[in-house]
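J.: My questions will all concern the structure given below.
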There are 2 protein chains.
Amino acid sequence: MKTYYECIPCFVNQTLRMISSKESPHHEKVLREVLFTLSEADFSNSPPELTKKVFDVFEKHHGFYDHYSDIKKHSNSYVMSMYDELISTVNSSPNPFDVAARLAIAGNVIDFGANHVFKNEYIHQNIKDALAAENIDLTELKDEVFKAKKILYLGDNAGEIVFDKLFINQLPREKVKFVVRGGAILNDALMEDAIDIGLTQIVEVISNGASLPGTVLKYCSKEFLEVFDKADLIISKGQGNYETLSEQKDKNIFFLLKAKCPVIARDLNCNINDYVILKNQDKSPLKD
Amino acid sequence: MKTYYECIPCFVNQTLRMISSKESPHHEKVLREVLFTLSEADFSNSPPELTKKVFDVFEKHHGFYDHYSDIKKHSNSYVMSMYDELISTVNSSPNPFDVAARLAIAGNVIDFGANHVFKNEYIHQNIKDALAAENIDLTELKDEVFKAKKILYLGDNAGEIVFDKLFINQLPREKVKFVVRGGAILNDALMEDAIDIGLTQIVEVISNGASLPGTVLKYCSKEFLEVFDKADLIISKGQGNYETLSEQKDKNIFFLLKAKCPVIARDLNCNINDYVILKNQDKSPLKD
């Protein structure tokens, strides 16, 4: 997905949140350089590529800093504190695959790229809403999952990966590789998060080698690209992975996400806050 | 008031609203040039001065265009349709000065600089809220009004000026000059709006000679500056006039406004959505 004009204020807001998170005389320099970078940016690039450029400016002036470190730890431990209850919800259902997939989509609400603020209550409301949502049809994904030989599961955010763990328990785990980002960006899940929540104990977890909040193949490692090429089913979580892979029409990708901003809702032809499951070749989300 | 970093996304959003209001292949050029302009802008200038720079970029590529023309006409006629009822509210009160001043402050909600969307219902809610607000103390302003020999009343937005008309009816009108902007910018009131709602029939109306959404003295006409210098009391409506005159400590100015954005609320040391009456020399709003 290209960067729409309406994405630009988000990059500026992202910058403001970053500079307000760290005391420094360089704040004004960072802000001005981000504005200049945006004035020259290639809008045919996806939003995560421009987010990376914003972080690069910050890093140039401040050095490396993982702004979302505490938030990621909190998100992981908060969702893990609900884990037993969530497992019961899945296991007590006549359709555990369906319930676990819905919870995985609900978990995508934990996103500090799209949301300015986030409260624990939102998670509970999203669980309720996703379990009740009428437009989620998992028939096709379920068919593909059980036909597939090599499944690549592209993770998105810390905290959210606990919900992914629940869903992976419903998949043929020996065929699944779970993917984390290669370096800190926003609240995106890293290898340390996967270890933290015990995901590495149930499934193979690999890094994509790139520190972008999405999956931009040209920046990913050779090792990851080999796995990506061989996968016959890709489960892609979240907005960032959708924004960076939506044009990848030659791969069998299912995008699972919550549409959290008006731009992506328009691109997906859905309503804002919809829970979306979309097959790559489809033009519009899978709805009833 | 200087431009805070948090004001920058607002200028970008303002640009997006302007370019979406007019079909043109120049949209991307305008957006890029605004971003570049902001990257180099002098943040010690007030926000209205930077808003003017955004409009200048648009005008360079599109020619002059009054984006808010229809909105201004609608605002004037909508509030005029309530005028008789509002007069009754004022006249049936034991303290018409107080009620009319509160309505004038409530009317400041009609602001397309600070608000993205505006609905007629907001006006009614703001009237109720401003009439009931506990932190509005008009004692000092009332004293000054009746001591003053030359009162300058700086108007702000179309629609809002109907509420100002109500308040001006409670002032010694022969001592009052009402000021409109010198050219179209946002939904700020122009001479044509003052004529439209019959304000010119009850008070002398002059232009400040500048098309900025505030009162930046260096851009105002010589004629206006002479009147400004001679005034011994200035009633200044709205955020834009506050942002551009808050440093003018040698003049006797009362700022009347609704604090509609977090930046101005912080600068004023009040809560967002507060109705504010602030004397220029005071450090914090006049509260009980």
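The values are calculated or read from the model by the stated rules, or taken from the named source; none is laboratory data. On a predicted model such as this, the values are computed, not experimentally measured, just so you know. Cβ placement follows ideal geometry from the backbone for every residue including glycine, while neighbour counts extend to all protein chains displayed.
J.: Going by the structure shown, is B:PHE112 in contact (Cβ under 8 Å) with a residue 12 or more places away in the chain, hydrophobic (A, V, I, L, M, F, W, C) and either within 14 Å of chain A (Cβ to nearest Cβ) or over 22 Å from B:GLY238 (Cβ atoms) (or both)?
T.: Working: in contact (Cβ under 8 Å) with a residue 12 or more places away in the chain: yes; hydrophobic (A, V, I, L, M, F, W, C): yes; either within 14 Å of chain A (Cβ to nearest Cβ) or over 22 Å from B:GLY238 (Cβ atoms) (or both): no.
Considered against the rule, which asks whether it is in contact (Cβ under 8 Å) with a residue 12 or more places away in the chain, hydrophobic (A, V, I, L, M, F, W, C) and either within 14 Å of chain A (Cβ to nearest Cβ) or over 22 Å from B:GLY238 (Cβ atoms) (or both), B:PHE112 comes out as no.
J.: Could you say which residue among B:ALA184, B:ALA189 is surrounded by 22 or more Cβ atoms within 10 Å (Cβ to Cβ), under 15 Å from the mean Cα position of the chain (by Cα), modelled with pLDDT of 95 or more and outside the structural domain of B:ARG17 (by TED's automatic domain parsing)?
T.: Details: B:ALA184 fails: surrounded by 22 or more Cβ atoms within 10 Å (Cβ to Cβ).
Going through B:ALA184, B:ALA189 in turn, just one is surrounded by 22 or more Cβ atoms within 10 Å (Cβ to Cβ), under 15 Å from the mean Cα position of the chain (by Cα), modelled with pLDDT of 95 or more and outside the structural domain of B:ARG17 (by TED's automatic domain parsing): B:ALA189.
J.: Give just the number: which of (1) of a type in the set (D, E, K, R); (2) modelled with pLDDT of 95 or more; (3) under 16 Å from A:PRO48 (Cβ atoms) does A:ASP267 not satisfy?
T.: Checking A:ASP267 against (1) of a type in the set (D, E, K, R); (2) modelled with pLDDT of 95 or more; (3) under 16 Å from A:PRO48 (Cβ atoms), the one that fails is (2).
J.: Does segment B:66-108 hold any residues that are charged (D, E, K, R) and in contact with a helix residue (DSSP H, G or I) (Cβ under 7 Å, 6 or more places away or on another chain), and which are they? Steps first, answer last, please.
T.: Residues of segment B:66-108 that are charged (D, E, K, R), as a first pass: B:66, B:70, B:72-73, B:84-85, B:98, B:102.
The answer is B:LYS72, B:ARG102.
J.: Find all pairs meeting these conditions: Cβ atoms under 9 angstrom apart; at least six residues apart or on different chains; first residue within segment A:12-30 and in contact (Cβ under 8 Å) with a residue 24 or more places away in the chain; second residue loosely packed, with under 14 Cβ neighbours inside 10 Å and assigned to a helix (DSSP H, G or I).
T.: From residues that are in contact (Cβ under 8 Å) with a residue 24 or more places away in the chain, the pairs are A:ILE19/A:GLU28; A:VAL30/A:LYS60.
J.: Another one. Among the residues of segment A:50-62, which ones are within 14 Å of chain B (Cβ to nearest Cβ) and touching a residue at least 24 places away in the same chain (Cβ under 8 Å)?
T.: Just the residues of segment A:50-62 that are within 14 Å of chain B (Cβ to nearest Cβ), to begin with: A:50, A:53-54, A:57-58.
Within segment A:50-62, A:LEU50, A:VAL54, A:VAL57, A:PHE58 qualify.
J.: Considering only residues that are among the small types (Gly, Ala, Ser) and either over 30 Å from B:TYR5 (Cα atoms) or surrounded by 14 or more Cβ atoms within 10 Å (Cβ to Cβ) (or both), which ones fall in segment B:43-68? Before the answer, list the steps.
T.: Of the residues in segment B:43-68, the ones among the small types (Gly, Ala, Ser) are B:44, B:46, B:63.
B:SER46 - this is the single residue of segment B:43-68 that is among the small types (Gly, Ala, Ser) and either over 30 Å from B:TYR5 (Cα atoms) or surrounded by 14 or more Cβ atoms within 10 Å (Cβ to Cβ) (or both).
J.: Give me a count of the residues in segment A:31-49 that are at the interface with chain B (Cβ under 10 Å from one of its Cβ atoms) and not acidic (Asp, Glu). Can you show your working first?
T.: Step one: filter segment A:31-49 for residues at the interface with chain B (Cβ under 10 Å from one of its Cβ atoms), giving A:31-41, A:43.
Checking the rest, the ones that are also not acidic (Asp, Glu) come to A:31-32, A:34-39, A:41, A:43.
Count: 10.
J.: Go over the candidates B:ASN115, B:ASN135, B:ASN120 one by one and state the one that is touching a strand residue (DSSP E or B) at 6+ places or on another chain (Cβ under 8 Å), more than 21 Å from B:ILE195 (Cβ to Cβ), at pLDDT below 95 and surrounded by fewer than 21 Cβ atoms within 10 Å (Cβ to Cβ).
T.: Values: B:ASN115 fails: touching a strand residue (DSSP E or B) at 6+ places or on another chain (Cβ under 8 Å); B:ASN120 fails: touching a strand residue (DSSP E or B) at 6+ places or on another chain (Cβ under 8 Å).
Just one listed residue meets the conditions, B:ASN135.
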